[in-house]
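Peer 1: Structure in structure tokens, see below.
The values are calculated or read from the model by the stated rules, or taken from the named source; none is laboratory data. In this text the structure is predicted, and so the values were computed from the model without any measurement. Neighbour counts run over all protein chains shown; Cβ positions are idealised from the backbone, glycine included. Surface accessibility is based on the protein's heavy atoms, side chains included, excluding ligands, DNA and RNA. Shrake-Rupley method; radii C 1.70, N 1.55, O 1.52, S 1.80 Å.
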Amino acid sequence: MKNFAQLLTLLAVLCTSNVTPAFAADTPADTPTIHEHETAAGTVEHKEPHSGQHAKVSCIDPHACCAESEKVLETLQTLVTAYIHGDVKTIEEHLDDNCTTFDESTGKLLSGKTNVVADLKSKFEKFAPTGETPLLSFTIDHPYARVNGDTAVVTFLAFREIGGKHPVKEKSQVTDIFVKHEGVWKKLHYRGAWKKST
């Protein structure tokens, strides 16, 4: 219940706050990128061991306003890298037990780690390198982290490219909420909606 109360408080702050996240307006997915802790522009390719295919995960100009928010952004990048690889174990380690996700386009709310992970597993099957709609790349654009005690709000624009017979590029404006447990940041809430991008 404590986490749910924290989530409600943060959502109320977001609705009334005048903070403007550092978004880049409609930045294309093929913009030069910075990956994780690199300081030079460039895209890092991760070779999938079972398929021989390459997937790209990128982060453009992360903005941390304090040392603690840097840790939150590192956790975000760990989750994105695990997502593109279908690494369920790493994702589970970085999710709060009471985590929730809300898909704005469908109005679907998932509650609890078990349900969130089950939904991710179904997506991983769809986006697998050998599947009909392989996930080719995932970019987080100008993530901005704001920490308030043991909670943090991260906003960013996300881009993904999907291959297969009907390739598509999509984008989503994302809000993630993290909570800190014994010095470790865990994801409590995701909100976003994927839409076609040019």
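Peer 1: Quick one: Karplus J couplings for the stretch 168-177, per residue in order, coefficients 6.51, -1.76, 1.60, θ = phi - 60°, nearest Hz, x for Gly and Pro?
Peer 2: So the J values, rounded to whole Hz, are 8, 10, 10, 9, 8, 8, 10, 10, 10, 10.
Peer 1: Compute the accessible area per residue over the stretch 49-198, keeping the other protein chains in place, probe 1.4 Å, unit Å². Numbers along the way, then the final one.
Peer 2: Working: 7340 Å² over 150 residues.
Heavy-atom accessible area per residue stands at 49 Å².
Peer 1: Quick one: net charge of residue 192's neighbours, Cβ under 9 Å, K/R +1, D/E -1?
Peer 2: Details: positive: 191; negative: 103, 104, 176.
Value of the local net charge: -2.
Peer 1: Still on this structure: Amide H of residue 197 versus every other amide H placed in the peptide plane: which residues, excluding those fewer than 5 positions away on the same chain, fall under 5 Å?
Peer 2: Amide H neighbours of residue 197, under 5 Å, 5+ apart: 169, 170, 171.
Peer 1: May I pose another question? Can you work out the Karplus-derived ³J(HN,Hα) for every residue in the stretch 100-110? Use 6.51 cos²θ - 1.76 cosθ + 1.60 with θ = phi - 60°, whole Hz, and x for glycine or proline.
Peer 2: Result, ordered by residue: 9, 9, 10, 8, 5, 6, 10, x, 8, 10, 10 Hz.
Peer 1: In whole Hz and in residue order, list the ³J(HN,Hα) couplings for the stretch 130-141 that follow from phi through the Karplus curve 6.51 cos²θ - 1.76 cosθ + 1.60, θ = phi - 60°; x for Gly and Pro.
Peer 2: Taking θ as phi minus 60°, the curve returns 9, x, 6, 10, x, 7, 8, 7, 9, 10, 9, 9 Hz for the stretch 130-141.
Peer 1: With every protein chain in place, what's the accessible area of residue 146 (1.4 Å probe, Å², nearest 10)?
Peer 2: Number for this one is 110 Å².
Peer 1: Let me ask something else about it. What's the ranking of 133-141, 83-91 by average number of surrounding C-beta atoms within 10 Å, highest first?
Peer 2: Numbers: 133-141: 21.7, 83-91: 16.8.
The densest-packed peptide leads the list: 133-141, 83-91.
Peer 1: Quick query: amide H of residue 60 versus all other amide H atoms, modeled in the peptide plane; which residues come in under 5 Å with a sequence gap of 5 or more or a different chain?
Peer 2: So residue 60 has HN proximity to 34, 140, 141, 142.
Peer 1: Evaluate the distance, in nm, between pseudo-label points positioned 7 Å from the Cα of residue 105 and of residue 196 along their respective Cα→Cβ axes.
Peer 2: 1.1
Peer 1: Same structure again: Enumerate by residue number the GluC sites (Glu not before Pro) in the stretch 69-107 meeting two conditions: DSSP loop (anything except H, G, I, E, B), and at most 16 other Cβ atoms within 10 Å of the site's Cβ.
Peer 2: Working: sites: 70, 74, 92, 93, 104; in loops: 104.
Within the stretch 69-107, the qualifying GluC sites (Glu not before Pro) (loop, at most 16 other Cβ atoms within 10 Å) are 104.
Peer 1: While we're looking at this one, here's another question. Anything over 19 Å Cα to Cα? Flag those among 126/187; 89/165; 165/196, in the order listed.
Peer 2: 126/187; 89/165
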